[in-house]
Amino acid sequence: METIEQKQKEIIEEFALFEDWMGKYEFIIDLSKDLESMDDSLKDEDHLVRGCQSQVWLEAKTEDGLIHFQADSDALITKGLIAMLVRVLSGQKANDIATSDLFFIDEIGLHEHLSPNRSNGLASMVKKMKTYAIAYSAS
Amino acid sequence: MSVKTLAEIRADFPILERKVHGQDLVYFDNAASAQKPRQVVDRISHYYLHQHANVHRGVHALSQEATDAFEAARRRIADFFGAASDREIIFTTGTTNGINLIASSLGKMLEKGSEIVITQMEHHSNMVPWQMMCEDRGMVLRVVPIDERGQINMEAFQNTLNSKTRLVAVNHVSNSLGTINPVEEIIRLAKGVGSLVLIDGAQSAPHMKLNLKELGADFYAVSGHKIFGPTGTGFLYGKEEVLGNMPPYMGGGEMIDRVTIEKSTYQGLPFRFEAGTPNMAGAIGMASAVDYMEEVGFDFIQKQEEELLQYAIKELNNFGGIRFIGEAEKRASLVSFLVEGTHPYDVGSLLDQQGIAVRTGHHCTEPVMDFFGIPGTLRASFAFYNTTEEIDRMMVALDRARKMLS
């Protein structure tokens with residue numbers, strides 16, 4: 001199984017192919033279309049990560065000590081970023097998720113989307129993913 | 001006409017020369033905060049470098065000079081906005097602060113069961129303070145609905161007023177819809193049932209010449225940073241005969257008449273509501289912003305802003321697939337809209353990449369978004385320094401964004 005670090009490096013390599021912002025954003029929009037769709041019944045208040053710009057829904061399940069995430073958003077760019085976060089963190093060990101350093105966002109030059117100022121639900125989503133992993137590791 | 005040309009005006013705002021993501025900045029987020037002319041920044045620097053000391057009650061010359069400059073700023077604001085006296089101008093940190101001041105002070109005076117009337121299109125800062133006051137002190141908040149064009153339902157407003165109405169708190173211009181509300185009529189009707197009236201003037205003061213005495217509202221709150229002044233400044237206008245009979249909301253220095261261990265008595269207006277060392281540099285900077293607006297002139301401001309508004313509406317209509325949110329008969333210089341089949345966050349992010357600064361989201365008016373059943377809008381809000389060429393650039397960027405998202 002690839003580690004969180006390996007998966008992040010892969011993404012950074014994929015983004016290195018794009019020279020301008022348009023290519024990068026078109027890629028993110030494409031990624032949003034590939035994200036495994038989330039069951040509509042899960043898009044409720046319990047799974048909602050509220051942002052004032054866009055909404056995010058997050059579901060976490062554990063299986064054989066690994067945590068699996070499912071997520072969705074009403075905005076495409078947010079959804080594309082979610083697709084990357086799910087790819088990096090889903091199916092990993094709780095402790096690895098809890099202690100992970102998500103350096104790829106900065107490396108591919110998309111840190112502004114994770115800033116709390118954007119209030120698109122992404123920063124809160126990462127926090128929730130980690131909190132879930134910490135809670136699971138402790139139990 | 002202005003004594004300055006548009007090019008000269010733009011040269012007063014160095015930030016407009018900036019690049020963002022390698023592109024020339026187009027700043028269409030003026031309703032959130034306006035940019036500052038060099039004159040305002042210079043005036044603040046001058047104060048700090050040459051005039052600063054603590055104000056009021058100092059025996060030394062510098063303190064006197066700072067006090068004179070600070071009080072001259074108050075007179076300037078009173079004069080520019082048509083207050084009856086400078087005692088009616090309380091310096092605040094902004095509109096939100098002014099509204100909270102009234103909610104806190106009035107809350108101590110009103111009996112339980114009193115009714116406060118607001119509208120569905122209020123900014124959260126003219127909604128939440130009243131919710132808090134009603135919860136704390138047993139008052140009732142009544143909310144007047146809006147219509148599909150984003151205007152107050154005036155019949156419903158009239159029906160909401162009754163003998164228990166103690167305060168009507170309404171925005172002059174809506175920040176998310178651009179609607180210019182009929183505040184003269186609202187004040188007249190509210191006065192008919194003996195109610196006080198507070199007007200949230202955050203979005204009106206940058207665009208129109210106000211005469212507060214003539215308007216007749218009891219309270220009028222304004223933000224300095226939206227009228228090209230410094231951040232963290234603003235003022236609350238209050239009619240002397242009303243505000244003068246209200247209790248202070250914050251205790252401290254500056255606001256007292258006499259203090260003993262057992263009890264204190266308070267100063268008159270305006271100092272009763274200005275506890276602590278005030279933001280002198282801010283007040284002086286705000287007065288200098290007002291000087292700047294006067295130099296540009298409201299004839300120019302209104303002509304330029306109306307042209308920008310009409311041009312933006314025309315271009316967006318030609319573009320097609322636009323849903324306007326807020327189509328009131330009388331509108332300030334902003335357009336709030338959605339591009340069909342897209343999310344405002346996506347469009348806003350792609351505009352940003354092209355150097356265009358617009359605001360996306362619910363604009364602190366969630367009940368408005370709920371009414372229209374939308375997650376938010378894109379809002380382009382103009383100031384007198386914006387140009388139609390900048391709108392052209394926004395349209396090109398919008399076209400590219402839509403193609404990328406489809």
>> At a cut-off of 30 Å², which residues of the stretch B:323-348 become less accessible once all protein chains are present than in their chain alone, using a 1.4 Å probe?
In response: B:H343, B:Y345, B:D346
>> Below 8 Å, C-alpha to C-alpha, sequence gap of six or more: please give me the relative contact order for chain B in percent.
In response: 23
> Can you pull the mean other chain C-beta count within 10 Å for peptide A:49-57?
Replying inline: 4
> From the backbone phi of the stretch B:43-55, what are the Karplus-calculated ³J(HN,Hα) couplings (6.51 cos²θ - 1.76 cosθ + 1.60, θ = phi - 60°) in whole Hz, Gly and Pro given as x?
Replying inline: 5, 5, 4, 4, 4, 5, 7, 10, 10, 6, 7, 6, 8
> For chain B, what is the mean residue ellipticity at 222 nm derived from helices alone (per DSSP H run of n ≥ 4: -39500 (n - 2.57); sum divided by total residues; nearest 500 deg cm²/dmol)?
Replying inline: -12000 deg cm²/dmol
> Under a GNM of chain B (C-alpha, springs under 10 Å), which listed residue has the highest mean-square fluctuation: B:T160, B:T93, B:T365?
Replying inline: B:T160
> Along the charge dipole of the stretch A:82-139, Cβ charges K/R +1 and D/E -1, which of A:A123, A:F103, A:I134 sits furthest on the positive end?
Replying inline: A:I134
>> For chain B, set up a GNM with springs between Cα atoms under 10 Å and report which of B:V396, B:V296, B:V222 has the largest fluctuation.
In response: B:V396
>> Explain nothing, just compute: Karplus ³J(HN,Hα) = 6.51 cos²θ - 1.76 cosθ + 1.60, θ = phi - 60°, for every residue of the stretch B:136-142 in order, whole Hz, x for Gly and Pro.
In response: 5, 10, x, 9, 10, 9, 10
> What residues have an amide H closer than 5 Å to that of B:D218, excluding those fewer than 5 places away on the same chain, when H is modeled at 1.01 Å from N in the peptide plane?
Replying inline: B:V197
> Once you charge only the Cβ atoms, +1 for Lys and Arg and -1 for Asp and Glu, what is the size of the charge dipole of the stretch B:1-60 about its Cα centre, to the nearest 20 debye?
Replying inline: 200
> Here are some pairs, A:K24/B:K36; B:K4/B:K314; A:K127/B:K108; A:K128/B:K19; B:K209/B:K263; which of them have Cα atoms lying more than 32 Å apart in this structure?
Replying inline: A:K24/B:K36; A:K127/B:K108; A:K128/B:K19; B:K209/B:K263
> Of B:G22, B:G82, B:F324, which is farthest on the positive side of the dipole of the protein assembly as shown, counting Cα position, with +1 on Lys and Arg Cβ, -1 on Asp and Glu Cβ, and the Cα centre as origin?
Replying inline: B:G82
>> Buried accessible area between A and B (1.4 Å probe, both chains summed, ligands and nucleic acids excluded), in Å² to the nearest 100?
In response: 1600
> If each Cα of chain B is one equal point scatterer, what is log10 of I(q)/I(0) from the Debye formula at q = 0.08, 0.11, 0.12 Å⁻¹?
Replying inline: -0.45, -0.84, -0.99
>> Defining a contact as two alpha carbons under 8 Å apart and six or more residues distant in sequence, what relative contact order in percent does the stretch A:4-138 show?
In response: 29
> Hey, how many Å between the Cα centroid of the stretch B:88-134 and the Cα centroid of the stretch B:353-406?
Replying inline: 30
> Any idea of the accessible area per residue across the protein assembly as shown, 1.4 Å probe, to the nearest Å²?
Replying inline: 42
> Which of the trypsin sites (Lys or Arg not before Pro) found in the stretch B:110-153 are in a DSSP loop and have at most 10 neighbouring Cβ atoms, other than their own, within 10 Å?
Replying inline: B:K112
> Once the dipole of the stretch A:4-138 is set up with Lys and Arg at +1 and Asp and Glu at -1 on Cβ about the Cα centre, which of A:G23, A:Q92, A:Q6 lies farthest towards its positive end?
Replying inline: A:Q92
>> Apply the Karplus curve 6.51 cos²θ - 1.76 cosθ + 1.60, θ = phi - 60°, to the phi angles in the stretch B:200-207 and return the couplings in whole Hz, x for Gly and Pro.
In response: 7, x, 4, 9, 8, 3, x, 10
> Of the heavy-atom accessible surface of the stretch A:40-114 (probe 1.4 angstrom), what whole percent is carbon and sulfur?
Replying inline: 44
> In whole angstrom, how far apart do the alpha carbon centroids of the stretch A:39-107 and the stretch B:295-320 sit?
Replying inline: 43
>> Nearest 10 degrees is fine. How inclined is helix B:183-192 to the longest principal axis of chain B, computing both from alpha carbons?
In response: 40
> Taking the Cα centre of the stretch B:41-294 as the origin, how large is its charge dipole in debye, to the nearest 20, when only Lys and Arg (+1) and Asp and Glu (-1) carry charge on their Cβ atoms?
Replying inline: 360
> Under a Cβ-Cβ cut-off of 14 Å, what is the net charge of the residues other than B:S264 that fall near it, where Lys and Arg count +1 and Asp and Glu count -1?
Replying inline: 0
>> Which one, A:S124, A:S32, A:S41, has the greatest fluctuation when you compute a Gaussian network model over chain A with C-alpha springs under 10 angstrom?
In response: A:S41
> In the stretch B:363-406, which residues give up 40 Å² or more of accessible area once the other protein chains are added, compared with their chain alone (1.4 Å probe)?
Replying inline: B:R400, B:M404, B:L405
> Dipole of the protein assembly as shown, Cα-centred, from +1 at each Lys and Arg C-beta and -1 at each Asp and Glu C-beta, to the nearest 20 debye?
Replying inline: 1520
>> Out of all Cα-Cα pairs in chain A, roughly what percent, to the nearest whole number, are more than 24 Å apart?
In response: 26
> Using the alpha-carbon atoms, what tilt in degrees (0 to 90, nearest 10) does helix B:280-296 show relative to the longest principal axis of chain B?
Replying inline: 50
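The values are calculated or read from the model by the stated rules, or taken from the named source; none is laboratory data. Since we're looking at a predicted model, the values are computed, not measured. Neighbour counts are summed over all protein chains in view; Cβ atoms, including those assigned to glycine, are modelled from backbone coordinates with ideal geometry. Note: accessible area is taken over every heavy atom of the protein model, side chains too, but ligands, DNA and RNA are not part of it. Shrake-Rupley method; radii C 1.70, N 1.55, O 1.52, S 1.80 Å.
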